[in-house]
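What follows is calculated from the coordinates using simple rules that are stated; it is not laboratory data. Predicted model, so just to flag it, every value in this text is computed and none were measured. Because the Cβ atoms are built from the backbone with ideal geometry, glycine has one as well, and the counts that use them run over all protein chains shown.
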Amino acid sequence: MFDNLRDGLRSALKKIVGASDINEELIDSLCKDIQRSLLLSDVKAALVKNITDNLKQRALTEQPPKGLSRKDHIVTILYGELAKMLGYSGEVITTIDKKGIDDDPGITAFFKPAKENVVLLLGIQGSGKTTVTAKLARWLTKHGYRVGVIGTDTWRPGALTQLKMNCSKINVEVYGEEESKDAVGIARHGLEHFKEQNLDVLIIDTAGRHKEEAGLLQEMAEMHKVTTPDLALLVLDGTIGQQAYSQAEAFHKAASLGGIIITKLDGTAKGGGALAASAATGAKVMFIGTGERIDDLEQFSPTRFVGRLLGMGDIKALLEMAKGLEMQADENQTKRVLSGKMTIEDFYAQMEQVSKIGFRNVIENMPGLSGMVKEDQLDAMQQRMEKWRFIIQSMTKEEKKDPDLINEARRKRIARGSGMPESEVKHMITQYNNSKAMMKQSKGRQMQGLMRKFGLG
């Protein structure tokens, strides 16, 4: 996404990476390059200045954390400032959704159990709000929520018909009143209609409006008062550029916003303005629309997005992973891994550490690998890791120390004990041997570089 912004930021960072010395002149040059990239991406000038002023001040005065080079520290400062622009304050974010999925809470942080949670969708005309209503209903139902929808757009012809058609595909009921022009009344009646159905979430779709349309903004404020939503979401067109900032500001004054959904993202530079709109409200970008299908709505991760822009993956996740490894790493084990002399037990210990972060995060966030592995490949890798964990747990101590002991009879026993096919046991041992040989051939240089980068080597 946002090819121009990404290329500009990465080009700017090359000055830091390739520099032999970090001085004020170099920092100034870096800040100018970053300013140019952000301004060309339609990020508001005042916000750009704030980001680069903070970057310069921190880069020149802060001492890097133990084990982190000054160059890498400057990258993490830039990462933090950009992530802050998108509503991420630096806290560790985890929650459990209805299916027990550990994820950035985003929308789920606003929901309370054992009650009907109301979500109010707002936005200007043409932002794709009605389509997003159905997409959000789909996302919530996939995550285990029981959902109902209320259509209150009385201005656009066919809005209710469109909403019902889209929601019928996912078996979500829509309440609306074809003949009524009283949007607030429809919302009130809809809440009453769904009251006895014991739903988790009610989504209210509203008419599109503009910051200059005082009457519609007043109607929106009244609807917010009547429905008392648990969450008000602003739907923004990703191509409207710097207008997004003032639009978000106006909507926030009329109805306190809890989050933003950005639609119609493409490869243009305009998306920077919509992303920066979160700074006008203090609301996080929660979702982005990625296509036309009803499933084309994905939860937005500021840290992952910024990491991909910088070509560094999710730096926050990697630093936290490194910190955990630093606390638990066995020095002798590390030496064996780096020298290519690791045992299956070492392999298992590494897997245990990775599993705490999530295989998806490690691969997706590794510098150089970010964005290169497809979604279905990541899923397959995560599933394979889980299988290997069971296989290793079914091996004896002797087999873990010396996998060459594993003959056909032992392989069959391990397969039975782990509940995995014998072919999977064979595949894991082959991969273990390949990894061991690769580490021996490279003398651990690549892994050593990564570990040194995070103060572990």
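Where in the stretch 142-173 are there trypsin sites (Lys or Arg not before Pro) that are in a DSSP coil and have at most 16 other Cβ atoms within 10 angstrom of their Cβ?
Answer in residue order: R146, K169.
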Worksheet entry | Filtered GluC sites (Glu not before Pro), the stretch 1-77: DSSP coil and at most 16 other beta carbons within 10 Å | E62
Worksheet item: Can you work out the FRET efficiency for the pair K49 and D21, with r the C-beta to C-beta distance and R0 = 22 Å, to the nearest 0.05?
Response: 0.25
Response to the item:
Between the modelled labels at E196 and K401 (7 Å from Cα along Cα→Cβ) the distance in nm is 7.1 nm
Fill in: Contour excess over end-to-end distance, with Cα ends at L40 and R293 and 0.36 nm allotted per residue
88.1 nm
Item to complete: Quick one: which residues, 5 or more positions from T263 or on another chain, have an amide H under 5 Å from its amide H? H modelled 1.01 Å from N in the peptide plane, none for Pro or chain starts.
Response: L236, D237, G238, G289
Item to complete: Can you figure out the FRET efficiency of K253 with D28, using R₀ = 35 Å and their beta-carbon distance, to the nearest 0.05?
Response: 0.40
Worksheet entry | Nitroxide proxy distance, nm - points 7 Å out along Cα→Cβ at K181 and R156 | 2.0 nm
